[in-house]
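Note sheet for the following structure.
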4 protein chains.
Amino acid sequence: MFDEVLPPQGKFYGKVFVFPVRVYYEDTDAGGIVYYANYLRFAERARTEYIRALGCNQQEALESEEKFGFAVRHIDVDYKAPAVLDDALAVTCEIREYAGATAVMFQQIWRGEKLLVEIEVKVAYLSLSRKRPVRLPQSLIEAVEKL
Amino acid sequence: MFDEVLPPQGKFYGKVFVFPVRVYYEDTDAGGIVYYANYLRFAERARTEYIRALGCNQQEALESEEKFGFAVRHIDVDYKAPAVLDDALAVTCEIREYAGATAVMFQQIWRGEKLLVEIEVKVAYLSLSRKRPVRLPQSLIEAVEKL
Amino acid sequence: MFDEVLPPQGKFYGKVFVFPVRVYYEDTDAGGIVYYANYLRFAERARTEYIRALGCNQQEALESEEKFGFAVRHIDVDYKAPAVLDDALAVTCEIREYAGATAVMFQQIWRGEKLLVEIEVKVAYLSLSRKRPVRLPQSLIEAVEKL
Amino acid sequence: MFDEVLPPQGKFYGKVFVFPVRVYYEDTDAGGIVYYANYLRFAERARTEYIRALGCNQQEALESEEKFGFAVRHIDVDYKAPAVLDDALAVTCEIREYAGATAVMFQQIWRGEKLLVEIEVKVAYLSLSRKRPVRLPQSLIEAVEKL
């Protein structure tokens with residue numbers, strides 16, 4: 001019906017993927033700023049688009065017989081300054097390390113020239129049906145190495 | 001830093017504003033589909049961009065001395081088919097009626113040719129400091145009439 | 001470890017189930033009130049505890065081979081007054097009608113003597129693996145009829 | 001109307017406050033487990049009830065002329081095992097350090113004997129109107145020292 005309206009995908013600046021996020025009422029709290037857990041939603045959107053841009057489709061992986069998906073193992077978040085309603089943010093994503101089933105990603109959230117949040121995320125790739133970690137998709141690793 | 005990465009704004013098809021939304025993990029639930037309340041987040045994003053496209057800035061209104069904002073008075077939501085992870089949705093928004101402090105908006109959520117959700121929303125414009133309804137901004141009414 | 005700390009379950013006042021909800025920062029938005037979609041999260045919690053109190057376990061149903069679950073078909077929500085941070089709310093739930101795969105529930109959200117929100121919800125019971133409606137569990141119907 | 005239905009408050013085990021949380025559909029995602037950011041909502045609920053149990057009212061502080069509130073500065077979250085729909089969780093909270101405007105809290109999320117998540121949170125107490133850190137409320141410090 002409205003197929004010409006395509007969602008944004010973000011883009012690469014060298015190895016760093018940058019994804020735009022607008023702050024809506026749903027993201028804020030009664031303190032007048034973005035609720036602290038919601039920056040993690042922004043970060044996950046950016047990681048998803050980063051992985052999609054590298055050629056991996058998470059819904060297909062989830063719908064496969066084995067049901068593959070990423071699980072977050074560890075996060076470290078440094079909140080430097082708050083975002084507010086209507087802010088246009090840039091959320092970055094880059095892979096720092098990867099080995100076996102796990103990868104470490106580094107992310108920043110910027111409003112213009114101001115760095116608001118820094119996030120380090122360790123994720124593991126899992127077979128949800130076998131409930132255990134499995135090697136990261138080879139296609140993903142090759143795509144990362146080509147960056 | 002990454003100012004060239006601008007958020008999407010949606011666009012008008014006649015009087016109907018259409019706003020793209022991608023479904024992420026945050027939007028889904030253990031049933032494997034979008035959680036029923038989260039379609040309302042998508043709808044509110046579209047309403048916000050619709051109002052922005054008509055020249056109103058909600059963060060400015062909220063930061064004004066009187067603190068103006070929209071409050072939802074009534075919603076009627078018809079769930080016809082579910083959205084799933086990774087879906088690219090088109091969320092529409094159009095004003096059906098308006099008078100005094102209130103407006104009725106009609107919204108649909110589409111995935112390609114498939115209509116998933118229909119929403120009717122009645123909103124009121126409020127002075128948050130005086131805690132009572134106030135007339136809709138004249139600039140908004142004029143922008144709607146020009147569509 | 002802390003098994004003695006059990007979650008609340010709500011209780012019946014005749015046929016009406018009443019479930020307590022506290023408003024936290026996560027529920028509010030920059031307007032200083034509860035975000036309109038979040039009342040639906042409160043309502044779903046109350047429906048879940050109502051169904052649990054009637055002897056149905058949704059996680060078991062979801063983990064069964066057929067994967068049964070409720071899907072919301074229609075909601076009508078009347079927002080009469082806002083809830084704010086720290087409010088202690090009472091969320092009611094009662095079944096108004098049921099037939100075949102569907103049930104209509106009526107819910108209210110109160111803060112003390114003040115009625116804040118009224119919700120009518122139509123749900124359908126689904127086999128998620130067959131992707132179609134199935135008859136409501138007999139045990140649920142019997143429990144409702146005994147109220 | 002239903003005042004006798006009071007929300008849960010959690011309780012102290014020595015210096016450790018324990019708060020119960022039930023997992024609902026809203027908390028889960030299409031992977032069938034609790035979405036990673038939502039554990040932070042559980043943790044903030046527990047911190048709020050911990051602070052309330054120590055005699056501080058956050059809504060009153062927010063409504064005061066200066067508008068005081070806590071802001072999260074840093075979090076470190078270790079995800080050990082996932083929670084799923086219907087889980088009854090125990091969320092702990094204890095203050096590890098405090099000085100001036102900041103406090104470090106340590107939190108764990110348990111399901112029975114199984115430790116699922118560990119969280120270290122650094123918060124700062126802010127005057128929202130002056131937009132800067134202020135000394136932690138003396139009443140809070142005294143209550144912590146009495147534990």
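Structure note, pairs B:Lys122/D:Lys131; A:Lys67/B:Lys80; A:Lys11/D:Lys67; B:Lys15/B:Lys67: Cα-Cα distances above 32 angstrom occur for B:Lys122/D:Lys131; A:Lys11/D:Lys67. 3J(HN,Hα) along segment D:49-57: 5, 4, 5, 5, 5, 8, x, 9, 10 Hz, from the Karplus curve 6.51 cos²θ - 1.76 cosθ + 1.60 with θ = phi - 60°, whole Hz, x for Gly and Pro. At a 1.4 Å probe, what is the % contribution of carbon and sulfur to the accessible area of chain C? Answer for chain C: carbon and sulfur cover 50 percent of the accessible area.
Could you report segment B:1-90's accessible area per residue, 1.4 Å probe, as an integer in Å²? Ligands and nucleic acids excluded, the figure is 35 Å² per residue.
Take B:Glu120, move 7 Å from Cα toward the beta carbon, and the resulting point lies 1.2, 5.4, 5.5 nm from the same point in each other copy, nearest first. Each other residue within a Cβ distance under 10 Å of B:Leu115 adds +1 if Lys or Arg and -1 if Asp or Glu, for a net charge of 0. Computed over segment A:12-146, relative contact order equals 28 percent, with contacts defined as Cα pairs under 8 Å that lie 6+ residues apart. Using only DSSP helix segments of four residues or longer, with each worth -39500 (n - 2.57), what per-residue ellipticity at 222 nm results for the protein assembly as shown after dividing by its residue count and rounding to 500? Value at 222 nm, helices only, nearest 500: -6500 deg cm²/dmol. Legend: mean number of C-beta atoms from other chains within 10 angstrom of residue C-beta atoms, peptide D:63-75, equals 4.
Length gained on full extension, B:Ala88 to B:Lys15, computed as 0.36 nm times the residue gap minus the Cα-Cα distance: 24.1 nm. Peptide C:37-45 has a mean shielding of 6, counted as Cβ atoms of other protein chains within 10 Å of each residue's Cβ. Computed over every Cα-Cα pair of segment B:58-118 and binned at 10 Å starting from 0, the pair-distance distribution P(r) comes out as 18, 35, 29, 16, 2 percent.
Rounded, prolate or oblate: pick one for segment B:91-141, where a ≥ b ≥ c are the square roots of the eigenvalues of its C-alpha gyration tensor, a/c under 1.5 means rounded, and failing that, prolate if a/b is larger than b/c, else oblate. Each step should come with its number before you reach the end.
Values: a/c = 3.44, a/b = 2.56, b/c = 1.34.
Prolate is the answer for segment B:91-141, as a/c is 1.5 or above and a/b outweighs b/c.
Here is the interface size for A with C: some 700 Å² of accessible area buried, both sides summed, with a 1.4 Å probe. Remark on segment D:99-147: accessible area falls by at least 20 square angstrom from chain-alone to full-complex state for D:Trp110, D:Gly112, D:Glu113, D:Leu128, probe 1.4 angstrom.
If you sort A:Lys15, D:Lys114, C:Lys131 by accessible surface, 1.4 Å probe, largest first, the order is C:Lys131, A:Lys15, D:Lys114. Residue by residue along C:17-25, Cβ atoms of other protein chains within 10 Å of the local Cβ number 6 on average. Put simply, the Cα atoms of chain B extend 43, 42, 31 Å along their principal axes, the longest span coming first.
With a cut-off of 11 Å between beta carbons, the residues surrounding A:Ala124 carry a summed charge of +4, where Lys and Arg count +1 and Asp and Glu -1.
For chain A, modelled as a GNM whose springs connect Cα atoms under 10 angstrom apart, the maximal fluctuation among A:Ala88, A:Ala37, A:Ala61 occurs at A:Ala37. Max-minus-min Cα coordinates of the protein assembly as shown on each principal axis give 57, 56, 53 Å, with the largest extent listed first.
Once you charge only the Cβ atoms, +1 for Lys and Arg and -1 for Asp and Glu, what is the size of the charge dipole of the protein assembly as shown about its Cα centre, to the nearest 20 debye?
On the way: 76 positive and 88 negative charges, 1 e Å.
Using only the charged Cβ atoms, the result is roughly 0 debye.
Mind running the shape call on segment D:18-63? Use the C-alpha gyration tensor, a ≥ b ≥ c as the square roots of the eigenvalues: rounded below 1.5 for a/c, prolate if a/b tops b/c, oblate otherwise. The shape class here is prolate.
Give me the net charge for the shell around B:Glu60: Cβ to Cβ below 14 angstrom, other residues only, Lys and Arg +1, Asp and Glu -1.
Numbers: positive: B:Arg52, B:Lys67; negative: A:Asp86, A:Asp87, B:Glu63, B:Glu65, B:Glu66.
In short, -3.
The values are calculated or read from the model by the stated rules, or taken from the named source; none is laboratory data. It should be emphasised that the depicted structure is a prediction, and the values quoted were computed from it without experimental measurement. Neighbour counts run over all protein chains shown; Cβ positions are idealised from the backbone, glycine included. Quick note on the areas: whole protein, heavy atoms, side chains included, nothing else; ligands and nucleic acids left out. Shrake-Rupley method; radii C 1.70, N 1.55, O 1.52, S 1.80 Å.
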